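Reading through the structure tokens given below for one structure.
All of the numbers you see were taken from the coordinates with simple rules; none came from a lab. Fair warning: this is a prediction, and the values are worked out from it, not measured in the lab. Here the Cβ is made from the backbone with ideal geometry for all residues, glycine too, and neighbour counts use every protein chain on show.
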Amino acid sequence: MAEKAKLNEKCALLSIPFLEAKEMVNNYIDKINRDEHGQLENTVSVWFSLKQLNDITNLLNAEQAASEQQTPNQVTDGLRIYFANYGDCPPEGHEDYKGKNTLVLISTHSLVARSEKHEDYFQNIIPEIKMEPQNRGGLCPPERGCDCTSDIFDPDNMPLCEYP
């Protein structure tokens, strides 16, 4: 029972109230244009599978262990999430991502002497465990797996799930 209380306490420290999250999401959606069919013209969410998240965590843990051994003054300490945009030339097979917003995840490290500074890095001493910048979550829209009825959306801000 004490472990469950500890978990709830830990989760509470990392969370924000639902209504605050809803307001922030809808503030963002209010800034996105809609096309002639009423569909949002840009991304409102990015979905990552639990497997992807576990793979990322495993890579970060492996990087941290390697950096503690090989560069003890400079250790893997986290993950930075950049807001990004596919621009006019998205990767092959993702042509519908043209101009869409996305996220790019980059591992960070810090100097032991300056642990408050988290620097992006792209190379590690052991390349086979280096976490490359991550992307390829499912964008909503255009993906058809969007949760268009989520309580997070105000009724006038819901993305269209039936595409024209």
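Below are the figures for this structure:
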{"read-out": "Inter-site label distance for ASP120 and GLN69 at 7 Å from Cα along Cβ, in nm", "value": "2.9"}
{"read-out": "Amide proton proximity set for SER45, modelled H, under 5 Å, gap of 5+", "value": "CYS140"}
{"read-out": "Amide H partners (placed H, <5 Å) of ASP77, local residues excluded", "value": "THR108, HIS109, SER110"}
{"read-out": "Formal net charge of residues neighbouring GLY99 (Cβ-Cβ distance under 13 Å; K, R +1; D, E -1)", "value": "-3"}
